[in-house]
Structure formats: C-alpha cells, structure tokens
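Report on the structure given below.
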Amino acid sequence: MGLFNLLGRLFRPQTQYEKNLAIVTPRLVKAYRSIARERNLAPTRKMSDKKIMEVYLFVTGEFKEAAKQRNEDLPLEVLNYIAFYFFQAYEMLNPDQEEEMMFKIQLDFEIRRYIKDGLREELRQNMKLF
C-alpha cells in the first residue's frame with residue numbers, strides 16, 4: 001500500500017455505516033459473550049471480538065440476501081439467533097484456512113435450504129441482545 005493510499009484512508013471521513021458499526025460492535029460482542037457464558041457455548045475466548053463481528057456480519061448478510069430472494073424479511077432477533085447458531089459451528093470446526101471453507105460450505109447449505117424450503121424451525125428463534 002502506498003503512502004498516499006494510507007494517508008487517504010486515515011483522513012477520509014467515516015461513513016454513517018462505519019460510525020454505527022463502531023457504536024454497536026462493543027455492545028453486540030459483550031451481549032454474545034454474556035449469553036455464551038450463561039449457556040456454556042460459543043463464542044468462547046477462542047474467538048476474538050473481531051472474528052465475532054466478521055462471522056456475525058457475514059452470516060446475517062447472507063441470510064438477509066436469501067430472505068430477499070424469498071420476498072421475506074427476517075427479524076433482527078431471528079438473525080441474531082442464526083448468527084449465534086453459526087458461532088457454534090465456527091468454533092467446532094476451529095477454522096484455519098481449510099476449515100474456514102467447511103464453515104462456508106455449511107453456511108451455503110443452510111442458505112440454499114432456506115431459499116428452497118424456508119427457515120428451519122430450529123433457526124426460527126428470537127434472541128434479543130440488548
């Protein structure tokens with residue numbers, strides 16, 4: 001990365017999305033960690049805060065896109081639970097590059113299943129984070 005690219009990134013104004021994400025991230029991570037501790041489930045300390053957000057944004061983004069294809073709107077509380085479900089899968093695989101692909105294959109399977117048959121009852125649960 002060139003010096004001008006770096007300087008441009010440092011001094012460009014934040015988008016509203018970036019500002020909102022900066023506000024929500026600590027609260028979201030804290031809420032998931034608290035629920036996980038109570039239930040003795042993932043995300044555990046093995047998963048960094050950054051990885052929690054990466055998985056959360058990736059999983060919920062994929063399900064939102066799938067919902068559009070079905071002309072549905074998944075409530076935020078359901079998306080929160082779906083992300084929580086996939087934290088379990090992510091940690092069970094303990095991903096490195098190879099297992100990361102397995103995680104994405106599992107997610108892709110669930111997305112295709114949702115598009116075809118609707119959301120499984122197991123995933124249709126509400127999880128209010130805050």
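Of note:
- Neighbours of Ala42, meaning other residues whose beta-carbon lies under 13 angstrom from its beta-carbon, give a summed charge of +4 when Lys and Arg score +1 and Asp and Glu score -1.
- Across Lys19/Lys104; Lys50/Lys104; Lys50/Lys116; Lys19/Lys46, pairs whose alpha-carbon gap is larger than 25 Å: Lys19/Lys104; Lys50/Lys116; Lys19/Lys46
- Segment Arg39-Phe130, length gained on full extension (0.36 nm per residue, minus Cα span): 31.1 nm
- The chain - mean residue ellipticity at 222 nm from DSSP helices (-39,500 (n - 2.57) per run, n ≥ 4, rounded to 500): -24500 deg cm²/dmol
- Sequence of Tyr17, Tyr32 once ranked by neighbouring C-beta atoms within 10 Å, starting from the fewest: Tyr17, Tyr32
- Across all directions, the average projected area of the convex hull around the alpha carbons of the chain is 9.8 nm².
- Dipole axis of the chain (+1 Lys, Arg; -1 Asp, Glu on Cβ), positive-most option in Leu28, Asn126, Leu57: Leu28
Values in this text are rule-based calculations from the coordinates and carry no lab data. For clarity, every value in this text was computed on a predicted model and none was experimentally measured. Because the Cβ atoms are built from the backbone with ideal geometry, glycine has one as well, and the counts that use them run over all protein chains shown.
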